[in-house]
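Heads up, the thing below is written out as structure tokens.
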Amino acid sequence: MSDLQIVTKSRLACFGSCQRLHHLRYNLGVRPLVDGDAQAWGGLLHAGLEAWWRTYEGADADAPPLPGLAIGNAGIAMLAYREKSPGIDDAAMAKAQIMMAAYDARWAPTMHEWEVLGVEVEFIAMIPGRRRLRVAGKLDALVRKRSHGSVWFVEHKTTVADLTAGSTYWQRLRMDPQVSIYFGGCKALGHDPAGCLYDVIDRPNEKPLKATPEDKRKYTKPTKKDPVSRLYANQRETDESLEEFQARIADLVAAEPDLYFARAEVVRLESELEESAKDVEAVAIQIRDSATAEHAPRNPGACYQYGRTCEMFDVCCGIASIDDETRFRRAESPHEELTLTA
């Protein structure tokens, strides 16, 4: 392996989670043909967010995009994304459309505060240290605060975690390596970032309601006041339609928007950046050295995380083969999401 090694935050996280998964994904380039539900939904919403933010790119504060243009562009992008993502069903699409519309309602009124300098901005930066290691990444957006001219980078996240103030989700950002890495990426692009605008959307867990099986249905007894026998209120005679499902999600979000949308301005002290750089360098060296190792150990503790099973679980269990072309493909590059890795 070359002495000049490129890593990304995704690769660092993968290696830290399971060395076997890292070997399969990054050394052998094995990827599932179809993304899991959570990954596919996150990608769908990210496509909408990218188009939404691009609508504001270069816009003047006194001449913002026409009302509805950003959400319209987002909708077009999401439809295009779905066409190439067979794992996204009608319910997932309906949920994403509602969340994107709610995002627009929540944040469009604040966009006059920001000048969007770029969207999906790639970078390659040196990791401070003696090993000539580089880290690459992509900023979801690069913005300038109009009130005082400070530059910030935007990071979009979808989650099912608790977003209330003081929760573990926000506390962990104090040592999140991605934020620290992207500070260096901004500097490599010629900016001195004030911080990260951490933009989070909580994914509702709700799914369309199904009709109650006939053998489990219960009905009220007729009374003088109500002589008609009716199905219990918590049971259904028919499946919930997509329109009903969307309306239910919209009502939930509208009732408590702070549970579903949150932004935080995350900053870093120089001492924190230095400590993070040491962490990144240490893991990057382990990744480089592991390429010549004869064995990549499995980590059973990582087989089931964040409510889903690892994409390579069947391979590690011996149930499936990485050569099964009906389930897996070979990536052309270890970092398919980037172009600046030469």
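The values are calculated or read from the model by the stated rules, or taken from the named source; none is laboratory data. Treat the numbers as computed from the prediction; the structure is a model and nothing was measured. Neighbour counts run over all protein chains shown; Cβ positions are idealised from the backbone, glycine included.
List of remarks:
- In segment 1-22, the qualifying residues are those that are more than 21 Å from Thr158 (Cα to Cα) and in contact with an Asp or Glu (Cβ under 9 Å, 6 or more places away or on another chain), and the one that is surrounded by the fewest Cβ atoms within 10 Å (Cβ to Cβ) is Met1.
- Pair list, Cβ under 6 Å, 6 or more apart: segment 50-70 residue in contact (Cβ under 8 Å) with a residue 60 or more places away in the chain and closer than 13 Å to Pro109 by Cβ, other residue buried (at least 18 other Cβ atoms within 10 Å of the Cβ) and hydrophobic (A, V, I, L, M, F, W, C): Tyr56/Met111; Tyr56/Val116
- Single residue of segment 23-64 satisfying the filter (outside any helix (DSSP H, G or I) and buried (at least 18 other Cβ atoms within 10 Å of the Cβ)) that is modelled with the lowest pLDDT: Asp35
- Remark: Glu50 falls outside the filter, which requires a residue to be over 15 Å from the mean Cα position of the chain (by Cα) and more than 23 Å from Gln305 (Cβ to Cβ).
- Given (1) within 20 Å of Val135 (Cβ to Cβ); (2) more than 23 Å from the chain's Cα centre (by Cα), number of the condition Asp226 does not satisfy: (1)
- Within segment 189-210, the set of residues being in contact with a strand residue (DSSP E or B) (Cβ under 9 Å, 6 or more places away or on another chain) and modelled with pLDDT of 95 or more comprises Leu189, His191, Asp192, Pro193, Ala194, Gly195, Cys196, Leu197, Tyr198, Asp199, Val200, Ile201.
- Test: residue in segment 184-197 that is under 27 Å from Lys9 (Cα atoms), in contact with a Cys (Cβ under 6 Å, 6 or more places away or on another chain) and assigned to a loop (DSSP other than H, G, I, E, B): yes
- Arg20 in a helix (DSSP H, G or I), modelled with pLDDT of 90 or more and not aromatic (Phe, Trp, Tyr): yes
- Checklist (1) crowded, with 21+ Cβ neighbours inside 10 Å; (2) of a type in the set (D, E, K, R); (3) on the phi > 0 side of the Ramachandran plot applied to Glu120, failing item: (1)
- Test: Leu189 is touching a Leu at 6+ places or on another chain (Cβ under 9 Å), among the aliphatic types (A, V, I, L, M), in contact (Cβ under 8 Å) with a residue 60 or more places away in the chain and crowded, with 18+ Cβ neighbours inside 10 Å: yes
- Some residue of segment 303-323 being among the β-branched types (Val, Ile, Thr), part of a loop (DSSP other than H, G, I, E, B) and modelled with pLDDT of 90 or more: yes
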